[in-house]
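Contents: one structure, followed by commentary.
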Amino acid sequence: MNKWLKALLFLIGAAILTRLIPFSDWFRMLDTMVHELGHAVVTLLASGQVLRIELHPDHSGVTYSVLASGWSQLAVALAGYISASLFAVAMFFGYSRQNQAAGLVLISMLALVSLLLFVRTGYGRGWLILFLLINVAFFLLGGRIRNFYYLLLAFLCLEESVMGPVTLLLNSIVSPGQAGDATNLAQLTGVSPLVWSVIFLIISLLCALSALQLYWNDRRRSREKKKMSGSSSMSG
């Protein structure tokens, strides 16, 4: 089967299955947090000022910042969706290295930074506090329960990193003036929001394929180890 078709079918299947897990929709805010944190970090790297980040119950978010005009605004506008896509790859890389505990600590550190520095009021603050408490609980539980929780977060981030650009693409067709980062990039460059949406989608799909390959390779290694272990037991 073509690897792209396999990845697409796997994403669709994972999206359906994860939505059957209670409260999984609530955890999808993690992707939004990473998206907005990406905007904030690049703003600081460009010598700008981050005023605040808002996270909303509908999974949308806004980063308010002050920036000099020019290429710095372009970099900040690009950062959100790309950060979310790269973060999904990083999560599956951690899974493939069996570093779920360290990965959960990293996720929690990002949430803590967001809470202390950028998200100061509203729904987002409450979400971050509860999210941190849940992470601590699963970290302490350890074992397979912690690993399942980490993998759930990884798949949720992966799906959202792809669905975000898909939604952006649809918005750029229906309402080009209200297509979020794609509209901002269009205003900065004169290039259509539709083009920027397609670019974000391509990047997200490439990252999704990389993430899934890490997952599939890990599953393949696990099966091979079980076969070798079984053969050793029989020969003994």
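With contacts taken as Cα pairs under 8 Å at a separation of at least 6 residues, the chain carries a relative contact order of 23 percent.
Each Cα pair under 8 Å and six or more residues apart adds its separation to the average, and for the stretch 15-86 the resulting relative contact order is 35 percent. Note on I16: accessible area is roughly 100 Å² with a 1.4 Å probe, heavy atoms of protein only. Solvent-accessible area assigned to carbon and sulfur over the chain amounts to 67 percent, based on a 1.4 Å probe. Counting only protein heavy atoms and a 1.4 Å probe, the stretch 156-214 has 43 square angstrom of accessible area per residue. Computed about its Cα centre, the charge dipole of the stretch 1-137 is approximately 260 debye, with only Lys, Arg, Asp and Glu carrying charge at their Cβ. Derived scalar couplings between HN and Hα for the stretch 167-175 equal 4, 4, 4, 5, 5, 5, 7, 7, 9 Hz in order, rounded to whole Hz, by the Karplus curve 6.51 cos²θ - 1.76 cosθ + 1.60 (θ = phi - 60°), x for Gly and Pro.
Charge tally for F200 (other residues, Cβ to Cβ under 14 Å; Lys, Arg +1; Asp, Glu -1): -3. Peptide packing: for 64-76, 89-101, the average count of neighbouring Cβ atoms within 10 Å per residue gives the ranking 89-101, 64-76, highest mean first. In the chain, the longest principal axis of the Cα atoms and the axis of helix 3-18 are about 90 degrees apart.
Shown here: the stretch 106-215, whose C-alpha atoms stretch 50, 38, 20 Å along the first, second and third principal axes, sorted largest to smallest.
Normalised by the number of residues in the stretch 1-134, the average gap of Cα pairs under 8 Å and 6 or more apart makes the relative contact order 24 percent. Applying a DSSP loop filter and a limit of 16 other Cβ atoms within 10 Å to the trypsin sites (Lys or Arg not before Pro) in the stretch 106-153 leaves R120. A viscosity of 1.567 mPa s and a temperature of 4 °C, combined with the Kirkwood radius over C-alpha pairs in the Stokes-Einstein formula, give the chain a diffusion coefficient of 68 µm²/s. Using alpha carbons only, the radius of gyration of the stretch 133-184 set against its Kirkwood radius gives Rg/Rh = 1.29. Measuring how big the stretch 1-53 is from its alpha-carbon positions, Rg and Dmax come out at 16.9, 48 Å. When each of the peptides 191-202, 48-59 is scored by the mean number of other C-beta atoms lying within 10 Å of its residues, the order from highest to lowest reads 191-202, 48-59.
Calculated [222 nm] ellipticity per residue, helices only, for the chain: -26500 deg cm²/dmol; basis is -39500 (n - 2.57) per DSSP H run with n ≥ 4, divided by all residues, nearest 500. Can you pull the percent of Cα pairs in the stretch 32-114 with separation above 18 Å? I get 47 percent for the Cα pairs in the stretch 32-114 exceeding 18 Å.
The values are calculated or read from the model by the stated rules, or taken from the named source; none is laboratory data. Note that the structure is a prediction, hence the values are computed from the model and not measured. Note that we place each Cβ from the backbone using ideal geometry, even for glycine, and neighbour counts take in every protein chain shown. Just so you know, the surface numbers come from the protein's heavy atoms only, side chains and all, with ligands and any DNA or RNA stripped out. Shrake-Rupley method; radii C 1.70, N 1.55, O 1.52, S 1.80 Å.
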